[in-house]
Amino acid sequence: MASRHRIAQQLLRARPRIHQSAKHSARSFATGTSHSTSAARSKLLSVAVVAAVSGASISAYNMAVSDPIHMEARSLADLDERRKREQGVDDQSPMRLRMEKFIREQQEHIVAELEMIDGKRFQRDEWQRPHGGGGLSCVLQEGNVFEKAGVNISVVYGTLNPQAIKAMKANHKTMKEDEALDFYALGLSMVLHPRNPMAPTVHLNYRYFETMKPDGTSQAWWFGGGADLTPSYLFDEDAVHFHKTLKEACDKHDKTYYPRFKKWCDEYFSNKHRGETRGIGGIFFDDLDAAEADAENTFAFIQDCLKNFLPSYVPIINRRKDMPFTEKEKEWQQVRRGRYVEFNLVHDRGTAFGLNVPGSRVESILMSLPLTAQWRYMYEPDPKSREQRLLDVLRDPKEWV
C-alpha cells in the first residue's frame, strides 16, 4: 500500500503538458482498475492518459524528474487528418482511425435515438486541441425523459517519455523501450440520468490507446470499456434483459468474457465505504491487447458491445419512463443518486485525478453527476420493502443470466 501511495503522489506531482481549448472540453466518465499491486504504476499512468482524453488540464504540476507524458504530437495528428481527408477511412486504415470513425458514428446514432425518446435535442459542442485531437460533447439537461444526459467523444495525441514507457510495459509486453513514443488515446463516454425513479441510470465507456512508430504505424495497442446499470427500483426483468444482451455480445467472441468482465464490474463500481455496489453491474474491462486477442477480433468485440447498448437499454427506458411514482419513491431515487455521487467522487480514479489538477475544467469532469441528489441522516428503508430488496442485491451482487 505504501508503494501504491508513493506512486500516486509522484503522479499527482507530475506536470504533463496539455494544451486545450479554454471554452470546450469533455470528460470520460470511467477509467480502468487494477487487479494487482504490480500493475499499479501502469494503471496510474493510464489514469493520466485517460484524464488527458477526458479534457482535464494538468499543466500546473511540477516534479524534479522529466515529464512522463507530453501532448505535442502535432505532426502525427496532421498526418492522420490529411489521411482522413484525402483517403477516407476503410478496413485498411490504421486501427485508431477506424475506431474513431466507428465511435463517432455510434455517438451520432445513440444521440439521435435518445432525442427521439426524450423529445428534446442535445446541445453539441465540438472542440479542437491546438496540438492534435479534439472531440464532440453532446449534453441534454432538464429534458422530458432525461434529467441529465451526456454522450461525449475525446481524442488526444501526445508523446510518452522513457519513464511512462517503462511503467506501461509492465502490462503491455509488446511495447518497446525507447526514448520517446507517440501515443493516441480515444474514448466515448455516456451517462443517462432519467427523471422517473422507476427508470434506471445507465453508464457506458469504450476507449482505445495506441503507441506509434515514427512512421505512424502501430507499435502497441489496447482497448477498454464496459456498460453498467444503476436502478433505484429493481425490476428483475430489466436486470436480466440488460445482462443477457451484454452476455450475447461477449459470447460471440469468448465465452469467458462475460463472467470475467461481470465480476470485474461488480468489484470496480463498489462503494466500499458502504459495503454495496453502485448498481446492478454489467461488464467492465481494461488493457485488452495482443496477449488477449488480435486487434481485429478485439475491435469486433468492442463494436458488438457498443452496438448492443441501444438494444440493452431502450426497451427498459421505454417501459419505465412514464410509470407513475410517489413523492416517497422520488425521495428514494434522490438518496440512491447520492450514492452514485459518492462513488464518482470518492472511488472513481479518473474523477479524483481530474479534480486534483489545477486548471481542470470542473464542469466537464462532473458532467456525469445528476442534477439533483440527497443525503439523509441515518436513512434506512422499511424492512421487506422494494427499497430494502435493492439494497440486499447491492450488498450481495446476483448472477442475472
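Remarks
- Failed item in (1) at negative phi; (2) touching a residue at least 12 places away in the same chain (Cβ under 8 Å); (3) of a type outside the set (F, W, Y), with G281 passing the rest: (1)
- A199 meets the conditions (1) within 22 Å of P397 (Cβ to Cβ); (2) in a strand (DSSP E or B) in every case but one. The failed one is (2).
- Residues of segment 327-366 classified as at pLDDT 90 or above and outside any helix (DSSP H, G or I), total: 0
- Test: residue in segment 56-75 that is in a helix (DSSP H, G or I) and at pLDDT below 95: yes
- Boolean, R376 is open to solvent by 10 Å² or more (accessible area, probe 1.4 Å), at pLDDT 90 or above and part of a helix (DSSP H, G or I): no
- Taking the criterion of being open to solvent by 10 Å² or more (accessible area, probe 1.4 Å), of a type in the set (A, V, I, L, M, F, W, C) and assigned to a strand (DSSP E or B), the residues of segment 134-171 that qualify are L136, V139.
The values are calculated or read from the model by the stated rules, or taken from the named source; none is laboratory data. Bear in mind that the values here come from a model prediction, so they are computed numbers and not experimental data. Cβ coordinates were reconstructed from backbone atoms using ideal geometry, including for glycine residues, and neighbour counts include every protein chain displayed. Just so you know, the surface numbers come from the protein's heavy atoms only, side chains and all, with ligands and any DNA or RNA stripped out. Shrake-Rupley method; radii C 1.70, N 1.55, O 1.52, S 1.80 Å.
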